[in-house]
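First comes the structure, then the notes that go with it.
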Amino acid sequence: MAGQVPTRQQALKLLQKYNKTESLVKHGLAVEGVLRYFARKAGEDEEKWGIIGLVHDLDYEMYPDEHCIKTEEILRQNDWPEEYIRAVISHGWGLCTDVEPVSYMEKVLYAMDELTGLVTTTALVRPSKSVLDMKAKSVRKKWKDKSFAAKVNRDVIAKGAEMLGMDIGDLITDTIMGMREVAGELGLAGE
């Protein structure tokens, strides 16, 4: 495997270099938390999965029209391993890349990336403003309201759940569980 395995600190520094918007940094932290949760559950490399989740939208703020393309360039310039680059690029499959998610990690990233946005938005309209007391049922209810978090691509989430062979409710539950672990950093631990 070519490239240097990055540390979490290097990944965070890179994310913050290209993203100044607090919501985009928090999104990276949310996806990192969920990927770490899934990795632990599957007995996989939690550090690797987390780092990939952290930087998956690296180029989104500065290069929204070249999403994933610029990330690939940036990660190559920083000598990241091919496996990491491929995983990051695969989350844009069918939207901005033709790199299909193949590994379990890639499929998880593809499935829950958009879902973290729906979970976050759902948490913020709850009286507690927290994911700590939230159940999948709350998110399922908001899922049905297409005007709620309208930018969240529900088709991608459904396609990802299908690729994983998971029920949407189970995917939502696991996403909430992963986000609970980083709720404080996300501002979703309640008031």
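The values are calculated or read from the model by the stated rules, or taken from the named source; none is laboratory data. A quick note: this is a predicted structure, and the numbers were derived from the prediction, not measured. Cβ coordinates were reconstructed from backbone atoms using ideal geometry, including for glycine residues, and neighbour counts include every protein chain displayed.
Kindly indicate the residue of segment 128-175 that is of a type in the set (Val, Ile, Thr) and farther than 13 Å from Gly117 by Cβ and also surrounded by the most Cβ atoms within 10 Å (Cβ to Cβ) among those meeting that condition. Per the criteria, the residue is Ile168. Screening segment 96-182 for helices (runs of 4 or more DSSP H) wholly inside it with 1 or more residues that are in contact with a Ser or Thr (Cβ under 6 Å, 6 or more places away or on another chain) and basic (Lys, Arg) returns the ranges 136-144. The test for being polar (S, T, N, Q) and either at positive phi or modelled with pLDDT under 95 (or both) holds for Thr97. State whether the residues of segment 114-124 include one that is out of contact with any Lys or Arg (no Cβ under 7 Å at 6 or more places or on another chain) and farther than 17 Å from Gly53 by Cβ. Within segment 114-124 (the criterion being out of contact with any Lys or Arg (no Cβ under 7 Å at 6 or more places or on another chain) and farther than 17 Å from Gly53 by Cβ), the answer is yes, since at least one residue qualifies. Scanning segment 5-49 for residues that are among the small types (Gly, Ala, Ser), more than 11 Å from the chain's Cα centre (by Cα) and under 22 Å from Ser103 (Cβ atoms) gives Ala11, Ala39, Ala42, Gly43.
Scanning segment 89-113 for residues that are surrounded by 24 or more Cβ atoms within 10 Å (Cβ to Cβ) and either farther than 20 Å from Arg154 by Cα or of a type in the set (Ser, Thr, Tyr) (or both) gives a single hit, Tyr110.
Taking into account only those residues within segment 57-73 that are surrounded by fewer than 20 Cβ atoms within 10 Å (Cβ to Cβ) and of a type in the set (A, V, I, L, M), which is farthest from Pro101 (Cα to Cα)? Filtering segment 57-73 for residues that are surrounded by fewer than 20 Cβ atoms within 10 Å (Cβ to Cβ) and of a type in the set (A, V, I, L, M), the one farthest from Pro101 (Cα to Cα) comes out as Met62. Looking across segment 22-56 at every residue that is part of a loop (DSSP other than H, G, I, E, B) and either without any contact (Cβ under 8 Å) to a residue 40 or more places away in the chain or in contact with a Phe, Trp or Tyr (Cβ under 9 Å, 6 or more places away or on another chain) (or both), the one that is surrounded by the fewest Cβ atoms within 10 Å (Cβ to Cβ) is identified as Gly43.
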